[in-house]
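The values are calculated or read from the model by the stated rules, or taken from the named source; none is laboratory data. Everything numeric here is computed off the predicted structure, so don't read it as measured data. Cβ placement follows ideal geometry from the backbone for every residue including glycine, while neighbour counts extend to all protein chains displayed. For the accessible areas, the whole protein counts, side chains as well, though only heavy atoms, and no ligand, DNA or RNA atoms are used. Shrake-Rupley method; radii C 1.70, N 1.55, O 1.52, S 1.80 Å.
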Amino acid sequence: MTAACAAHGADKVKVGMLTTLSGAGAGLGVDIRDGFSLALTHLDNKFGTLPVEVFTSDDQQSPDVAKQMTERLLKKEKVDFMTGIVFSNVMLAVGPSVFAAKTHFISANAGPSQYAGEQCNPYFFNVAWQNDNLDEAVGKQVTAQGYKNVVLIAPNYPGGKDALTGFKRYYKGKVADEIYTKLGQLDYGVELSQIRAAKPDAVFIFLPGGMGINFIKQFVDSGLSKSSQLFGPGFSADEDIIKAVGAPMLGMFNASQWGHDMDNAQNKRFVADFQKKYGRLPSLYASQGYDAAMLMDSAVRGVKGKIEDKEALGKALKAANFKSVRGAFKFGHNNYPVQDYYARVIGTDKQGRVTNRTLGPILTNHGDAYSASCKM
């Protein structure tokens, strides 16, 4: 019977959605999940002609929990794709098991430098960015706007370290201080005192989810926003953060590969339908979840439903024959995006909502700094 089933190919596509649905990073995982779900709605719950079954698990932002969930998804559910992980330390913990099982992981967020460089893998594809990329764009933006004395702050984990490395790669001024915090930290009294003592003209933050929400509120309440301009990557100044913080975020600059105001047909449909379905503007994370599903669909169509042919499926993923909500999209040889990055600023739109406005490109056709070390 097993041989007969194999001969006839798969009758459905199984996806393991392993993401953060509790704790300080929950909003990020929820948006990835919801963006992915909207894509399935647009695809009539099919990849190609095959129906899709999604197994959703909460990694609790814990590498150990994630490893347990991954084993279940791979061995019990026998998923064909995995996606959803937000944090790079979690991705690095589960990667070896996923790759050993020859299961394709389509990252809707986590983009560790290791998997872009020497540890690149044919079973890992990222539809978001390499961790450094958004921060590189902000580094160039800060320099272009004439700021010359900047404090940097990020949580002490692989994603945070990659972020500050990326910022410094394109920032040409002085680093007044480089501060690493605990991952998930919510009280920044000590760090704000350090910033005040450094007297910077700008502050760059890499603080996803609840970390960013709390920092920005405390930064403005402390009065530091009057003397220091705040910058961050797109996800530290995105719609989930804006919804929680509101007006204090006005005037904050950030950079992203996507914006809800991007003028292309796929994005207009995505943004309009996301608001109808969930009652909120989509975030960067939601857009990446949506694109992850669309990439999977394109690959299943590319192999005409023969997803058991892993080599052919990998080639179809690499082709990236789908319409991204960000516009032009392609993979570099390390399976990370080569794409444009845009400056954004937080203001009010015609409806009076506090939200991001896309200003224009900062980096064009931009890859990552680690691809030269990838031997694929």
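Inter-label distance, Lys174 to His42: 4.8 nm, where each label sits 7 Å from its Cα along the C-beta direction. The ellipsoid equivalent to the alpha-carbon distribution of the chain has semi-axes of 35, 21, 19 angstrom, derived from the gyration tensor eigenvalues as √(5λ) and listed largest first.
Shape descriptor for the stretch 321-374: Rg over Rh equals 1.13 (Cα atoms; Rh from the Kirkwood inverse mean 1/r). I need the Debye-formula profile for the stretch 72-149: one equal scatterer per C-alpha, no solvent, reported as log10 I(q)/I(0) at q = 0.12, 0.16, 0.21, 0.22 1/Å, two decimals. Evaluating at q = 0.12, 0.16, 0.21, 0.22 Å⁻¹ gives log10 I(q)/I(0) of -0.41, -0.61, -0.89, -0.95.
Less than 5 angstrom separates the built amide H of Glu178 from those of Leu152, all sequence-distant by 5 or more or on a different chain.
Which three numbers, in whole Å and largest first, are the semi-axes of the equivalent ellipsoid of the stretch 277-376 derived from its Cα gyration tensor as √(5λ)? Could you put the intermediate results ahead of the total?
Values: eigenvalues 190, 77, 17 Å².
Three semi-axes, in Å: 31, 20, 9.
Calculate how steeply helix 189-198 sits against the longest principal axis of the alpha-carbon atoms of the chain, using the helix alpha-carbon long axis, and give the answer as 0 to 90 degrees to the nearest 10. It is inclined by approximately 60 degrees.
A full extension of the chain between Ala100 and Lys277 corresponds to an added length of 60.0 nm, given 0.36 nm per residue minus the alpha carbon distance.
What accessible area per residue, rounded to a whole number of Å², is obtained for the chain using a probe radius of 1.4 Å?
Working: 14610 Å² over 376 residues.
Each residue of the chain exposes 39 Å² on average to a 1.4 Å probe.
Scaled against 2.2 N^0.38 Å for its residue count N, the alpha carbon radius of gyration of the stretch 259-304 is 1.26.
Working from label points 7 Å from Cα in the Cα-to-Cβ sense, the Ala10 to Ala198 distance is 4.6 nm. What shape does the stretch 51-110 take by its C-alpha gyration tensor, where a ≥ b ≥ c are the square roots of the eigenvalues and a/c under 1.5 counts as rounded, a/b above b/c as prolate, and the rest as oblate? It is rounded, given that a/c, with a ≥ b ≥ c, falls under 1.5.
Based on the Kirkwood radius over alpha-carbon pairs, what is the Stokes-Einstein translational diffusion coefficient of the stretch 174-288 at 37 °C with 0.692 mPa s viscosity, in µm²/s? Write out the running numbers ahead of the final one.
Values: Rh = 15.2 Å.
D = 215 µm²/s.
In this structure the amide hydrogen of Ala10, modeled in the peptide plane, comes within under 5 Å of the amide hydrogens of Ile307, Glu308, none closer than 5 places in sequence on its chain. Of all lysines in the structure, those lying under 16 Å Cα to Cα from Lys243, and not within fewer than 8 positions of it along the same chain, are Lys217.
Evaluate Rg over Rh across the stretch 4-162, taking Cα atoms for both radii and Kirkwood's formula for Rh.
Answer for the stretch 4-162: 1.04.
So which of Lys182/Lys350; Lys148/Lys318; Lys140/Lys226; Lys78/Lys318 end up more than 29 Å apart by C-alpha? Distance filter (> 29 Å) returns Lys182/Lys350; Lys148/Lys318. In terms of accessible area, using a 1.4 Å probe and ignoring ligands and nucleic acids, Leu186, Leu207 rank largest first as Leu186, Leu207. With 0.36 nm allotted per residue and the present C-alpha distance subtracted, the Lys78-Ala144 stretch has 18.8 nm of extension available.
Quote the FRET efficiency, to the nearest 0.05, computed for Lys323 versus Val190 with a Förster distance R0 of 56 Å and r equal to the Cβ-Cβ distance. Intermediate values should be presented prior to the final figure.
Values: r = 46 Å, r/R0 = 0.83.
Efficiency computed from Cβ-Cβ geometry: 0.75.
Between Asn149 and Lys174, Asp201, Ala202, the built amide H atoms are under 5 Å apart, and every one of these is 5 or more places off in sequence or on another chain.
Residue-normalised convex hull volume from the C-alpha trace of the stretch 241-335: 131 Å³ per residue.
Sorting Val175, Val271 by accessible area puts them as Val175, Val271; the probe is 1.4 Å, largest comes first, and only protein heavy atoms count.
Per 0.36 nm of contour for each residue apart, how much would the distance between Leu359 and Val65 grow if the chain were fully extended, relative to their Cα-Cα spacing? The partial results should precede the final answer.
On the way: separation 294, 0.36 × 294 = 105.84 nm, distance 4.02 nm.
Contour length minus the Cα-Cα distance gives 101.8 nm.
Carbon-plus-sulfur fraction of the accessible area of the chain, 1.4 Å probe, in percent? Ligands and nucleic acids excluded, carbon and sulfur reach 51 percent.
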